[in-house]
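Here, each number is a calculation from the coordinates, and none is a lab measurement. Since we're looking at a predicted model, the values are computed, not measured.
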Amino acid sequence: MVNVKLLDRKIGESGLKKEFVAQQLDVSRQALATKIREGRFNTKEVEILRRVLNIHTIEELFQIFFTDFVEENGNKGAARR
């Protein structure tokens, strides 16, 4: 499950417009909104977002894109992966 608040915050902090982020994923802005709302990103899309949004730590990656894992295992569990 995607942490929508963290993902939206990360996009905002990046200074990038959602239109640009959507283009990087090769989807429309509306499709990006749906992906965020439904929390449905494939592995390739997560990697693109990691690069575009400058997500450098595994902890931050897990907090945004693997919320269920972090909730079950805590931040330390995410850091070990």
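Please give the contour-minus-distance gain from A31 to E59: 0.36 nm per residue of separation, less the Cα-Cα distance, rounded to one decimal in nm.
So the extension gain works out to 7.4 nm.
Could you work out how much longer the chain between V46 and Q23 gets when fully extended? Use 0.36 nm per residue separation minus the Cα distance between them, nm to one decimal.
6.9 nm
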